[in-house]
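Contents: one structure, followed by commentary.
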Amino acid sequence: MHDVNASRASKTSVPLTASAVLVNPVGLHARPSVKLTQCAKRFAATIEIALAPEGPWTDAKSPVKVMRVKAPQGAMLYFRVAGPDGKAALAALLALVHDGFGEA
Amino acid sequence: MTEIHLTGRAASPGLAIGPVTVLTVAVERRGTTGDPAQEAAALKAAIEGATAELAELIEAEQGEAADILEFQVAMLEDDALAEGAFDAISAGTPADQAWRAVLDAEIAGYRSAEDEYFRARTADLVDIRDRVLMRLNGTEKSAAIAGGAIVASGDTSPSIFLAADWRRGGGIVLAAGSSSSHVAMLARARGTPMVVGVGPLSWQGRPPALALVDGDAGTVIFDPEPETRSLFEHRMKAAHAACAVADADRVKPAITADGRRITVLLNIAAPEDLADLDPAICDGIGLVRTEFLFEASLGLPDEETQYGVYRRILDWAEARPVTIRTLDAGGDKPIPGLTIDGESNPFLGLRGIRLSLARPEVFCLQLRALARAAVHGTLKVMLPMVAVPSELDRARELLDAEIAALRAKGIACARPLLGIMVEVPAAALCAEDFDAGFYSIGSNDLAQYTMAAARDIGAVADLNDTGNPAVLALIARTVEAGRARGVEVSLCGDAAADTRLTKALLATGLTTLSVSPLAVARLKATIATVNP
């Protein structure tokens with residue numbers, strides 16, 4: 001879904017985007033938020049999340065801001081990633097969501 | 001150095017000797033520096049201190065408790081949390097006000113969430129707010145109370161008491177305070193000697209090293225001379241020997257001098273209170289105070305946690321009746337994220353059953369856990385602060401609904417007997433109008449509401465007297481209603497353990513008293529002397 005512009009993104013500032021459904025039982029609350037932000041912080045890329053494809057976008061490295069999104073179970077979570085290690089970051093984040101943050 | 005003698009009021013009996021820990025009063029407002037740079041540095045240091053404190057706690061925890069602490073640390077480490085506060089500080093707001101305003105706004109966002117998982121995090125945010133505020137106000141963490149220490153303070157809170165380990169002895173000396181406060185109640189339950197109202201504690205900058213606390217006489221001696229100390233230690237030895245004799249008799253039934261059998265039940269706050277206790281010392285448990293389950297600052301306890309705790313208590317009782325009181329929050333027992341902050345008079349506000357009916361999601365979770373636990377013994381469920389029959393009726397409907405839902409899912413459950421705590425004069429006066437399975441008189445609040453004298457105000461402590469004829473008349477009226485309706489009436493307030501009142505209480509017709517485990521031996525010995 002994002003491979004087409006992945007190589008371009010590493011040279012230009014065009015961000016990568018992807019989306020995934022929150023399958024863990026309680027949505028993006030305390031523990032999942034901590035896991036998401038810990039994962040995001042491992043990458044240099046700018047990583048943002050949103051509940052709609054057009055935003056508003058929230059810094060995925062801030063647990064305070066991620067918690068303010070109050071994303072419930074079943075919600076579609078959108079990612080926008082920009083930076084040299086963006087592709088790896090997106091893959092790691094999607095894997096985390098698909099895996100239900102290890103608590104599905 | 002000269003020894004200092006202070007006289008106050010006895011709040012919890014017993015003698016204690018130990019090193020002194022002076023606690024600063026948390027409610028004291030900090031002086032602001034007026035300098036934005038210094039204020040910002042103070043807030044930064046307080047946040048870092050609170051973060052380190054929580055990180056230290058994680059070491060000792062695992063599972064869900066560790067997850068929540070980790071979440072709190074992640075929130076505190078995130079600059080986004082305090083950025084608004086630092087903005088306000090640079091505009092001239094004192095650090096504590098800035099932090100409180102920003103966190104209160106964040107907390108409001110959680111409290112108004114539709115999803116209950118987000119709402120439940122409110123308590124974690126309140127805890128973060130208060131930890132940082134305590135550091136800004138110069139109050140060190142409460143865990144600094146070492147086992148065996150004598151705590152000297154202006155006043156203190158139940159959470160500070162509960163954070164310390166009292167099994168190794170120790171005692172409490174308060175400049176202000178009341179013998180009817182919740183800390184005093186906890187101190188009596190744990191057998192920690194306590195003296196209140198000794199007046200200002202001033203040491204001219206040199207706090208005392210050692211203290212002798214006499215919780216029977218209501219006196220304290222700081223930095224005693226060697227001979228004073230050895231005399232005191234001699235008294236402690238004699239007192240322990242006398243206790244051992246009374247303890248040996250406490251497994252026998254309580255019978256008055258004229259042959260009436262009195263039922264003696266236990267008041268407990270947690271299953272830990274029953275550790276090493278022989279169930280034979282009592283006829284059951286008359287009061288389990290469940291609000292202490294909600295005080296761990298780890299959010300509201302879930303159904304499984306509650307069920308586990310209730311079941312452990314029922315298992316211990318070995319088929320003896322166990323009365324569990326539903327959450328009695330509010331008044332002087334605030335619970336972050338649940339009770340209302342800033343009520344003009346919390347004792348006349350949304351507390352006890354009123355709060356439970358206003359927050360049915362918390363109440364129903366507890367009812368569900370109770371109905372599931374009821375299959376493991378003889379469970380009675382008691383509703384606190386009931387004033388009118390419709391409150392009991394609404395609670396019963398909620399219990400019915402939870403039981404029906406559990407049965408529909410095939411989950412094992414049973415219907416506990418549902419009764420009321422009689423602590424509002426309106427309920428005592430019209431007790432026969434309530435379709436209650438039992439009545440349990442909460443004499444602390446009944447005395448407070450009848451005498452219009454607060455439990456926590458030392459200046460009116462003398463008025464807060466369960467032995468007053470007006471309070472005894474309300475007790476007698478409740479006993480009469482119970483007799484007419486053929487249901488049990490017990491008394492579970494502090495008055496039950498006050499042996500000066502035993503004769504007057506039995507004269508009202510009461511035949512069931514509920515006291516802390518440590519008071520059983522003394523109560524039974526007193527009952528044996530009562531003649532009509």
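The values are calculated or read from the model by the stated rules, or taken from the named source; none is laboratory data. None of these values were measured; they are calculated from a predicted model. For neighbour counting, all protein chains shown are included, and Cβ atoms are generated from backbone atoms with ideal geometry for every residue, glycine included.
Does segment B:377-415 hold any residues that are among the aliphatic types (A, V, I, L, M) and assigned to a loop (DSSP other than H, G, I, E, B), and which are they? Write out each step before concluding.
Step one: list which residues in segment B:377-415 are among the aliphatic types (A, V, I, L, M), which gives B:379, B:381-383, B:385-388, B:392, B:395, B:398-399, B:401, B:403-406, B:408, B:411-412, B:414.
Listed by number, the residues that qualify are B:MET385, B:VAL386, B:ALA387, B:VAL388, B:ILE411, B:ALA412, B:ALA414.
Do you know which residues across segment B:316-369 are of a type in the set (Phe, Trp, Tyr) and free of Cβ contacts under 8 Å to residues at least 12 places away in the same chain?
Once the filter is applied, which keeps residues that are of a type in the set (Phe, Trp, Tyr) and free of Cβ contacts under 8 Å to residues at least 12 places away in the same chain, segment B:316-369 yields nothing.
Tell me which strands (runs of 3 or more DSSP E) are completely within segment B:179-276 and hold 1 or more residues being farther than 22 Å from B:CYS492 by Cα, or say none if there are none.
Output list reads B:194-196, B:210-214, B:219-222.
Of the residues that make up segment A:84-103, is at least one within 14 Å of another protein chain (Cβ to nearest Cβ), free of Cβ contacts under 8 Å to residues at least 24 places away in the same chain and either in contact with a Lys or Arg (Cβ under 8 Å, 6 or more places away or on another chain) or buried (at least 20 other Cβ atoms within 10 Å of the Cβ) (or both)?
no
Regarding B:ALA123, is this residue modelled with pLDDT under 80, in a helix (DSSP H, G or I), not hydroxyl-bearing (Ser, Thr, Tyr) and not assigned by TED's automatic domain parsing to the domain that holds B:ILE17?
Against the criterion (modelled with pLDDT under 80, in a helix (DSSP H, G or I), not hydroxyl-bearing (Ser, Thr, Tyr) and not assigned by TED's automatic domain parsing to the domain that holds B:ILE17), B:ALA123 qualifies.
Here are some residues: B:GLU304, B:GLU291, B:GLU295, B:GLU272. Which one is modelled with pLDDT under 85, surrounded by fewer than 16 Cβ atoms within 10 Å (Cβ to Cβ) and either outside the structural domain of B:ILE58 (by TED's automatic domain parsing) or closer than 28 Å to B:GLU116 by Cβ (or both)?
None of the others qualify; the one that does is B:GLU272.
Looking only at residues that are small (Gly, Ala, Ser) and buried (at least 20 other Cβ atoms within 10 Å of the Cβ) in segment A:62-83, which one is farthest from A:LYS41 (Cα to Cα)? Lay out the reasoning, then the answer.
Looking only at segment A:62-83, we keep the residues that are small (Gly, Ala, Ser), and these are A:62, A:71, A:74-75, A:82-83.
Next, only the ones that are buried (at least 20 other Cβ atoms within 10 Å of the Cβ) stay: A:62, A:71.
Working: A:SER62: 9, A:ALA71: 20 Å.
Result: A:ALA71.
Mind checking which residues of segment B:93-139 are more than 12 Å from chain A (Cβ to nearest Cβ), hydrophobic (A, V, I, L, M, F, W, C) and crowded, with 16+ Cβ neighbours inside 10 Å?
Answer for segment B:93-139, where residues must be more than 12 Å from chain A (Cβ to nearest Cβ), hydrophobic (A, V, I, L, M, F, W, C) and crowded, with 16+ Cβ neighbours inside 10 Å: B:ALA95, B:ALA98, B:TRP99, B:VAL126, B:VAL132, B:LEU133, B:MET134, B:LEU136.
Among what's in segment A:47-64 and is more than 13 Å from A:ALA82 (Cα to Cα) and not in a loop (DSSP other than H, G, I, E, B), pick the residue that is farthest from the other protein chains (Cβ to nearest Cβ).
Residue satisfying both the conditions and the ranking: A:ALA50.
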